[in-house]
1. Keeping every protein chain in place, order Met498, Met596 by accessible area at 1.4 Å, biggest value first, i.e. largest first.
2. Would you kindly find the accessible area of Arg25, with a 1.4 Å probe and non-protein molecules such as ligands, DNA and RNA excluded, rounding to the nearest 10 Å²?
3. Expressed as a whole percent, how much of the Cα-Cα distance distribution for the range 495-641 exceeds 24 Å?
4. Probe radius 1.4 Å, ligands and nucleic acids ignored: give me the carbon and sulfur share of the accessible area of the range 346-411 as a rounded percent.
5. Treating only the Cβ of Lys, Arg, Asp and Glu as charged (+1, +1, -1, -1), what charge dipole size does the chain show about its Cα centre? Round to the nearest 20 debye.
6. Once the whole set of protein chains is in place, how much accessible area is left on Ser606, using a 1.4 Å probe, in Å² to the nearest 10?
7. Probe radius 1.4 Å, ligands and nucleic acids left out: which of Trp529, Trp438 has the largest accessible area, and how do the rest follow?
8. Using just the helices of the chain, give the 222 nm mean residue ellipticity in deg cm²/dmol: DSSP H runs with n ≥ 4 each add -39,500 (n - 2.57), and the total is spread over all residues, rounded to 500.
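The values are calculated or read from the model by the stated rules, or taken from the named source; none is laboratory data. The shown structure was predicted, so the numbers you read here are calculated from the model rather than taken from an experiment. Reconstructed Cβ throughout: ideal geometry from the backbone, glycine too, with neighbour counts over all protein chains shown. Just so you know, the surface numbers come from the protein's heavy atoms only, side chains and all, with ligands and any DNA or RNA stripped out. Shrake-Rupley method; radii C 1.70, N 1.55, O 1.52, S 1.80 Å.
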Amino acid sequence: MSALITPELVALDTYLGTEPKDVIRHLAELVVGAGRATEIESLYADALAREAKTATGIPGGLAIPHCRSTAVLEPTLALARLSTPVDFGSKDGPADLVFLIAAPDGADQEHLKILAKLARSLMKNDFTAALRDASTAQQIVELVGNVVAPVPVAAGAPAGSAENANAGTGPARSGMKRIVAVTACPTGIAHTYMAADSLVAAAKAVGVDLQVETQGSAGLTPLDPTVIAAADAVIFAVDVDVRGRERFAGLPVINAPVKRGIDEPGRLIEEALAAALNPNTRRVSGTVDLGGSSEEKSEHLGQKLKRALLTGVSYMIPFVAGGGLLIALGFALGGFEITKVADAVVLNNSLFNLPDGGLNIYLGAVFFKIGALSMGFLVPALAGYISFAIADRPGIAPGFVAGAVAGFMGAGFLGGIVGGLLAGVVAVNIAKINVPRWLRSLMPVVIIPLIASIVASGLMFIVLGGPIALLTVGLSDWLNGMTGASAVILGVILGLMMAFDLGGPVNKVAYAFAVAGLGAATLANQAPWQIMAAVMAAGMVPPLAMALATVVDRKLFSLAERENGKAAWLLGLSFISEGAIPFAAADVFRVIPASMLGAAVTGGLSMAWNITSKAPHGGVFVFFAIDNFWLFLLAIAIGTVVSAFAVVGLKRYAVRKRPVDAPEAVLVNA
């Protein structure tokens, strides 16, 4: 196992700028310079993305930016002891000790346990004091090595004594208040374990028995059910969903972000003790958190709707992707007339009893029918997982039923959206009802699905289904009737949205609009297929344009960007817009406008040329699902050239820029 840190990964008493991004970038450069990662931009972007989720400053003048990244070759720690502290969001002030923890995307458990052990050590004052007193990089390396060196487990030690074991205050004394907690962060490397240790220390200081389950990357050891049953309250200090939430059903619950477990562990303990004595406090019921965290309560209605809709779309896409490609294969083998005979062929024929037209007709019918059945799940899956995003697992069944009713009523994907929202809202409100403990186990599996299905689907049948079906027909007729300038304008707008944030919320809204409409497409109504083609073509432009720009004028781009450009060719051809993110992260005000310009051109041309795509993803590799494929490629090529020359022009003339490959002053004092 390679050393976690080496002297070349240490910067002592160094000025690295005034913002977290400056420090993170320099540490990323150290990691790449040491040969522990392949490129700076990707690691830098991944670390910044993690920083954007939760500030990584912690009490004591520390900061621990960390991430998993495909650019990282082996688990690595880089350390900067700053001459000028930088504010990383800790309530007690800026940080002078900054640790970048970089883990490979698929790091093994042993490495992750070591990283978790290091993170826990940062909560110890004697360790951080020694780091501040060290006079050389080698001393830093030795201090870290002593902390993370594997400690043999004594013979007969209980299971869970390894680094992935849960934290606790020890055996409870008679009369002690008992609290259980779960800590978890998105990467599961640092905050998960630091929050656990902070909570344990705070509980011990006030004489409370606290057992913590750490749901991190180093492994999971579930709390003993008897410990949970004896608890007076539970603390969820998490930034992600709690695994096995239903185990805590009935317990008073305190919800908080994981960072609060590090910054304010004492306050969380106090709140949990108060909740245990309050009969009206919110509790955990099944898999649904009745009250929601304060952060969720402060979430705007628009944000809640967006989160629910995008969740529904993300779960729906596999049905659409598989179904669309299979339908396209059916057409390729059996021709467009296969729609009229597919049912009869698959029911009455087989490989040993081929229909007229032979094997192609039979296989075309089979592929088309599988695809059509898959597409039939589009609306129920959309509704079911919108409801799931609102009410968790108890919302899935009523959401699927409401979606099926919407399909039956002809309300289409609009009906699915409304049905899913209804089912989720009804389910989550039923879950808030305080029922006797003996009834709680039936709530998520029987009572909530039953009542929510009756209410949501009943409203769809009796009140909402008919009007939404009329609206759906009107929308379909409008889209089908779009020709000329109106179709081109729609393509331009979709292209602008696809390039605006490269996989972000605006991009996802445009993509979701295209995917959700595929279920209504037919040979007579090809507008949804045209919209899908415009969205896919426009989304391919930004990475392809950045790749081309690095070829047109290499001197405008750093070595890392030129390497990213090589990968961006394949990412663009595969319709992965995120391939342009490293370029946008480094130069957002020139890359994004240039990308939007080319994507808008491509979207407009795609609609003008009546290009269609029956597949929601895949880029050029689903050529068999794209009609007018050569025009599809031409539209992409034109947009790519426009964006590439636009970004080159902006980089040359918009702002004077120093040569990116010029050597920089060395700031590290080894």
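1. Met596, Met498
2. For Arg25, the solvent-accessible surface is approximately 70 Å².
3. Numbers: 2686 of 10731 pairs.
So the pairs more than 24 Å apart make up 25 percent of the total in the range 495-641.
4. Details: 1990 of 2980 Å².
Accessible surface attributable to carbon and sulfur in the range 346-411 totals 67 percent.
5. Details: 47 positive and 50 negative charges, 190 e Å.
Here the size comes out at about 920 debye.
6. For Ser606, the solvent-accessible surface is approximately 0 Å².
7. Values: Trp529 20, Trp438 185 Å².
Reading off the accessible areas and sorting them downward yields Trp438, Trp529.
8. On the way: 26 runs with 365 residues, N = 670.
Calculated mean residue ellipticity at 222 nm is -17500 deg cm²/dmol.
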